[in-house]
1. Could you give every pair whose Cβ atoms fall below 7 Å, whose first residue belongs to region A:245-259 and is at the interface with another protein chain (Cβ under 9 Å from one of its Cβ atoms), and whose second residue is part of a loop (DSSP other than H, G, I, E, B) and open to solvent by less than 10 Å² (accessible area, probe 1.4 Å), counting only separations of at least 6 or pairs across chains?
2. How about region A:1-45: which of its residues are within 19 Å of A:L100 (Cα to Cα), open to solvent by 50 Å² or more (accessible area, probe 1.4 Å), in contact with a strand residue (DSSP E or B) (Cβ under 7 Å, 6 or more places away or on another chain) and within 14 Å of chain C (Cβ to nearest Cβ)?
3. Is there a residue being without any contact (Cβ under 8 Å) to a residue 24 or more places away in the chain and under 24 Å from the mean Cα position of the chain (by Cα) anywhere in region A:454-462?
4. Which one is least open to solvent (accessible area, probe 1.4 Å) among residues in region C:279-311 that are in a loop (DSSP other than H, G, I, E, B) and in contact with a Ser or Thr (Cβ under 8 Å, 6 or more places away or on another chain)?
5. Residues of region B:220-264 being open to solvent by 30 Å² or more (accessible area, probe 1.4 Å), more than 12 Å from chain A (Cβ to nearest Cβ) and in a helix (DSSP H, G or I), which ones?
6. Would you mind stating whether A:L48 is farther than 27 Å from A:P225 by Cα, in the same structural domain as A:P148 (by TED's automatic domain parsing) and open to solvent by less than 60 Å² (accessible area, probe 1.4 Å)?
7. Just to verify a result, which residue in region B:272-291, among those that are in a loop (DSSP other than H, G, I, E, B) and open to solvent by less than 40 Å² (accessible area, probe 1.4 Å), is nearest to the other protein chains (Cβ to nearest Cβ)?
8. Quick check, is C:A262 at pLDDT below 95 and assigned to a helix (DSSP H, G or I)?
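The values are calculated or read from the model by the stated rules, or taken from the named source; none is laboratory data. Computed from a predicted model, the values in this text were never measured in an experiment. Because the Cβ atoms are built from the backbone with ideal geometry, glycine has one as well, and the counts that use them run over all protein chains shown. Heads up: the accessible areas ignore ligands, DNA and RNA and are worked out on the full protein's heavy atoms, side chains in. Shrake-Rupley method; radii C 1.70, N 1.55, O 1.52, S 1.80 Å.
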Amino acid sequence: MSAFEYAPAPESRSIVKLQPSYGLFIDGEFTDGAGSFKTISPASEEVLAEIAEASTADVDRAVKAARRAYTDVWGSMPGRERAKYLFRIARIIAERSRELAVLESLNNGKPIKESRDVDVPLAAAHFFYYAGWADKLPYAGFGADPRPLGVAGQVIPWNFPLLMLAWKIAPALAAGNTVVLKPAETTPLTALLFAEICQQADLPPGVVNIVTGAGETGAALVNHPDVDKVAFTGSTEVGRIIARAVAGTNKKVTLELGGKAANIVFDDAAIDQAVEGIVNGIFFNQGHVCCAGSRLLVQESVADQLLESLKRRMATLRVGDPLDKNTDVGAINSAEQLSRIKALAEIGSAEGAERWSPACELPERGFWFAPTIFTGVSQAHRIAREEIFGPVLSVLTFRTPGEAIEKANNTPYGLSAGIWSEKGSRILAVADQLRAGVVWANTFNKFDPTSPFGGYKESGYGREGGRHGLEAYLAG
Amino acid sequence: MPAKKKESADSAVATAPRLAVRKTYKLFIGGAFPRSESGRTYVVADSKGQFVANAAQASRKDARDAVLAARAAFGKWSGATAYNKGQVIYRVAEMLEGRRDEFTALEVPASEVDEAIDRLVWYAGWTDKLAQVVGGANPVAGPYFNISSPEPSGVVAVVAPSQPTLLGLVSVIAPAMATGNTVIVITDAPRVAITLAEVLATSDVPGGVVNILTGSAAEVAPWLASHSDVNGLDLTGVADTKLALELEQAAAETLKRVRRPAAGLDWTADPGLAPMTAYLETKTVWHPKGL
Amino acid sequence: MTATISPLSEVTRSDAALRTFLHGLPGVDRVGADARAAGLGTRSIKTTAKAWAIDLAIRMVDLTTLEGSDTPGKVRALCAKARQPDPGDPACPSVAAICVYPSMVPTAAEALRGSGIHLASVATAFPSGQAPLKVKLDDTRAAVAAGADEIDMVISRGAFLSGRYLEVFEEITAIKEACGKAHLKVILETGELVTYDNVRRASWLAMLAGGDFIKTSTGKVAPAATLPVTLIMLEAVRDFLDTTGRKVGVKPAGGIRTTKDAIKYLVMVNEIAGDGWLDPDWFRFGASTLLNDLLMQRTKLATGHYSGPDYFTLD
């Protein structure tokens, strides 16, 4: 135990006014759904609210509202006017950022310092960025008179609920589409607060519709015949189903799916920063990150030294109450996800990898998993191949740059990768050869509205962010 | 050999009608011209219905071999400089220009040959410009250098359109090649396709960059659509909507990039960027900026 | 300690060996180091932890006056403050040391007698260090002879920046010898070294040469102490202990004015070097105005309301 014990420093919950129940946001109003389900705080299992569950008929109502709004108002609105709505939304997100951050941490389990410093500011920045595109689309390089597609059906995951919403809604609206968005089953609350923000912004009814529910609601949305565009972020498994479902239709699709990123540390790396990058790469957001650096590839000549530093660093990670401002690693988002992480970790041990976690006390209630590394992992281990989507790092070693590249690319995924070296020419050569949509060199898990994000191979297709992100929502 | 005897033999040849040396139309895989491993051929007739050739009929194993060849060629071709790729494609245009009569002899209209050559020249010029048009620096809010650049998706399987034969083939092969992908083409125009393969084979195109399978798309394409080591699928030449749907569904299993251009394409119109961007990935590289 | 330093004794045999060693240390990525320091700066230290941290910070202060206008009167007043920072609260701890110019050492020694407060003197032609070695050695010996038990020397930044590492090394070892029993703090003047790679190399150089503390700055050059520079130095002492078994202290100096800043440093000490350095023997703040802010925050915590500068002594 350290002499310097940080006292609890909880962010106050009082800024959030939770309602006992939330309806579906359709055509500018909250309306009842066919059924309902409870949403909880994964850190305490406390029920936070009752959430409407949208049936196929509810989804149809939402799509109809979006179509009307597209035809009557939004699709024909001058870009500069659309822009101002989006700027307004960006501002309101910033104004209500504390509230959004607390709500996100409550419902998702992520540390408040991340929702406060990453998720919410980036969400606001995304709207601010795409707002500016709304009246400049002919300059985006997708034809002289690019047109919106119509109604976008968007399905987002639970790991960055508000941020993924922003990644989906901001470019869609900027391009002149209207949207029906389904937040993840376990994390609907910030999307519903966003619906309220749309009302505050006087966004015309039907431009944004939020339908809550589980997989069936999502399927109803994706399969709806009057949806012109499908955007999905989530597992590769569901991505396949969606790709299959839209085959033969005229729906435009973008998919941002799983990953098993290699984080490659060369022997000339800035070791202390590399350790930070490894920690950030796998323990940021409890490892619930599709681009997480879940496979550490370390050059054998520095492996021992690096692992020693990594373990020392991991021992300082503070796991616990997501609302405590000093928490580094929060709660696992759901019981289901926790059992998946546990199962894969068990497999890692059974396959002979050596498991290590720092001593850390986990709360009794809620869903928790200590930051964990597995050493002695080889490419043949399941924990080196399958996406764990949790705070579990598989450590592999390599001897030469060629071996590192080969191992890094030896996966059906191709979302992201990391390189740590102080040698510029090596970084550029390795970056060239990695088959991944985002390569972080001497940094990791950096995101920006101007920077396109998306995968190669089975990590999906299409890009979100930047000029590239508009393409998914425009017909050239 | 006695001189006298030779003279008489020569005069005998001169008087008999000369029998033409026919070309055997085989497949084009990995820079070589193998027969189908299945040993199958099918009869090709000219427009008057006259027999002209027994073309090789590709099988699923030929498709498998073509994927291996295309994958093997991918590293070097995708890593070649844009300037080099442009030069190679321009060389294809040069060779095609020189062999234009071979294509008109195969009943390809002269104007189509012109168009095909010009299209190659167009794509040759794109190789070293596309990255500047579709990529670029991103002004991120922090001390980072951030740049997005296009990279090829990998191995692309293409069902070439039946018509126009030569322009159709060139229009689906050249954009995928220009962007650094390697290509497997399924075509039912074996004579034009294999003659084009001869052009490619003499144009500094590395073996395996373009592979041509003659035969039935309905038979071979599903194997490519479901092949895990194929990254892209171009359904331009699939007129049968049921087959197109099946292929697209099969491609979904490995999340291939699928291109389905709208029917009724004007082959002489400016193709735009879409044929190239269909098989491009955007790679974004971040690096800190600090003293 | 010689035996435990032996793994690295070879590296100081020649300029070439020293250069190879220092340039072989892992690089520092500036953006990553800045981000790490900023991240630690967001730790929220409240209530009991804050009270503990404030008292520790007070005990770590090297209360400093290094002005051309310093007089015995000024120094005596400062010494009084050092003994009893908050006359209204006898439970308030005294500071670690007084830090003055050599000419003020006799006065300070007199004023601090019996207090247990250390007496640090800058020496070696502070702050530029631009004097012959003999002058620097004399400066040092005089300060020690007059009662200083800690010497804050400056390195020759010119020699360091032009790559004459062995010269810097030998100068530090000579000063260390001149110090006798006095502890040697080696001021790197990181604001003039500019890059974090240089800070890391200079830290190792000073430790190899026998420095007991490494110190960021003279306070006369901007920027003085910063969180990221201190981070690099804390990593250096941590790694040096791992490598050699010898523990070296760290002293950020200059520019640390608020309790909030001081607590950020303590968090950094805790999480980078570890709590073994959370002790005035191993971590100091070179500061003057910081003390009053610490006292004000201390009172705020104790009384529950905000205090004002008129309630604390100005010395």
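1. These pairs meet every condition: A:L255/B:L255; A:L257/A:G455.
2. Answer for region A:1-45, where residues must be within 19 Å of A:L100 (Cα to Cα), open to solvent by 50 Å² or more (accessible area, probe 1.4 Å), in contact with a strand residue (DSSP E or B) (Cβ under 7 Å, 6 or more places away or on another chain) and within 14 Å of chain C (Cβ to nearest Cβ): just A:P10.
3. Step one: filter region A:454-462 for residues without any contact (Cβ under 8 Å) to a residue 24 or more places away in the chain, giving none.
Within region A:454-462, not a single residue is without any contact (Cβ under 8 Å) to a residue 24 or more places away in the chain and under 24 Å from the mean Cα position of the chain (by Cα).
4. Residues of region C:279-311 that are in a loop (DSSP other than H, G, I, E, B), as a first pass: C:279-282, C:284, C:288-289, C:304-308.
Checking which are in contact with a Ser or Thr (Cβ under 8 Å, 6 or more places away or on another chain) leaves us with C:288, C:307.
On the way: C:S288: 64, C:S307: 41 Å².
Within region C:279-311, the match that is least open to solvent (accessible area, probe 1.4 Å) is C:S307.
5. The answer is B:P222, B:W223.
6. Numbers: farther than 27 Å from A:P225 by Cα: yes; in the same structural domain as A:P148 (by TED's automatic domain parsing): yes; open to solvent by less than 60 Å² (accessible area, probe 1.4 Å): yes.
Yes: the conditions hold for A:L48.
7. First, pick out the residues of region B:272-291 that are in a loop (DSSP other than H, G, I, E, B): B:272-273, B:278-279, B:289-291.
Keeping just the survivors that are open to solvent by less than 40 Å² (accessible area, probe 1.4 Å) gives B:272, B:278-279.
Values: B:G272: 7, B:A278: 10, B:Y279: 10 Å.
This residue is B:G272.
8. Working: at pLDDT below 95: no; assigned to a helix (DSSP H, G or I): yes.
Judged against the criteria, C:A262 is not a match.
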